[in-house]
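Inspection log for the structure reproduced underneath, given as structure tokens.
The values are calculated or read from the model by the stated rules, or taken from the named source; none is laboratory data. A quick note: this is a predicted structure, and the numbers were derived from the prediction, not measured. Neighbour counts are summed over all protein chains in view; Cβ atoms, including those assigned to glycine, are modelled from backbone coordinates with ideal geometry. The area values use the complete protein model at the heavy-atom level, side chains included, leaving out ligands, DNA and RNA. Shrake-Rupley method; radii C 1.70, N 1.55, O 1.52, S 1.80 Å.
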Amino acid sequence: MPEKETLERARRDKAEGKSPSTQAGEFVREEIHHVREGKHGARSTKQAIAIGLSKARRAGVRIPAKGKSAKTKSSSTRRRARRPSAKRSRAVRRALKREPHRTVSRKALSRFARAAARRRSPSSRRAAARKAARTRKRTGR
């Protein structure tokens with residue numbers, strides 16, 4: 001279950017009209033903090049991010065499911081994935097506890113972000129940079 005603070009931050013992002021990916025980012029951020037503080041580990045950086053996105057979907061953030069299921073996505077995700085059985089929940093937690101914590105180090109996250117950026121076209125990267133500059137929060141004005 002996501003922390004109350006994370007849910008509030010995501011709600012605030014939604015109220016401010018920010019994109020679903022920004023709202024989901026709050027849950028990913030929380031997951032990274034959990035791994036860093038030793039709550040559990042992750043096999044890879046991608047897994048840590050996937051766990052955060054899954055939590056976001058369960059909390060009602062409208063991000064599409066990856067792959068074929070994205071086309072047939074219904075609003076039942078939240079209802080269907082509300083609460084796994086105690087046995088499954090315990091098994092998942094135990095498995096994650098055995099995983100490494102270095103997967104969300106600054107170095108690992110940087111490597112992941114650079115690889116993700118390399119998969120995008122130069123024009124796509126440029127458009128993202130322009131949008132970031134346009135929507136950047138300016139202080140001291």
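Assess whether T22 counts as being in contact (Cβ under 8 Å) with a residue 40 or more places away in the chain and in contact with a helix residue (DSSP H, G or I) (Cβ under 6 Å, 6 or more places away or on another chain).
Values: in contact (Cβ under 8 Å) with a residue 40 or more places away in the chain: no; in contact with a helix residue (DSSP H, G or I) (Cβ under 6 Å, 6 or more places away or on another chain): yes.
Answer is no for this residue.
Within region 1-21, how many residues are assigned to a helix (DSSP H, G or I) and either over 9 Å from the mean Cα position of the chain (by Cα) or modelled with pLDDT of 95 or more (or both)?
13
Restricting attention to region 32-52, which residues are out of contact with any Asp or Glu (no Cβ under 8 Å at 6 or more places or on another chain) and without any contact (Cβ under 8 Å) to a residue 40 or more places away in the chain?
Selection gives H33, H34, E37, K39, A50.
Checking the structure you have, find out if any residue of region 120-132 is surrounded by 10 or more Cβ atoms within 10 Å (Cβ to Cβ), out of contact with any strand residue (DSSP E or B) (no Cβ under 9 Å at 6 or more places or on another chain) and in contact (Cβ under 8 Å) with a residue 40 or more places away in the chain. Walk me through how you get there before you give the answer.
First, pick out the residues of region 120-132 that are surrounded by 10 or more Cβ atoms within 10 Å (Cβ to Cβ): 120, 124-131.
Next cut, out of contact with any strand residue (DSSP E or B) (no Cβ under 9 Å at 6 or more places or on another chain) only: 120, 124-131.
Pick out the ones that are also in contact (Cβ under 8 Å) with a residue 40 or more places away in the chain and you get none.
No: zero hits.
If I ask for residues that are within 14 Å of R93 (Cβ to Cβ) and open to solvent by less than 30 Å² (accessible area, probe 1.4 Å), which ones from region 20-60 would you list?
Once the filter is applied, which keeps residues that are within 14 Å of R93 (Cβ to Cβ) and open to solvent by less than 30 Å² (accessible area, probe 1.4 Å), region 20-60 yields E31, H34, V35, H40, G41, A42.
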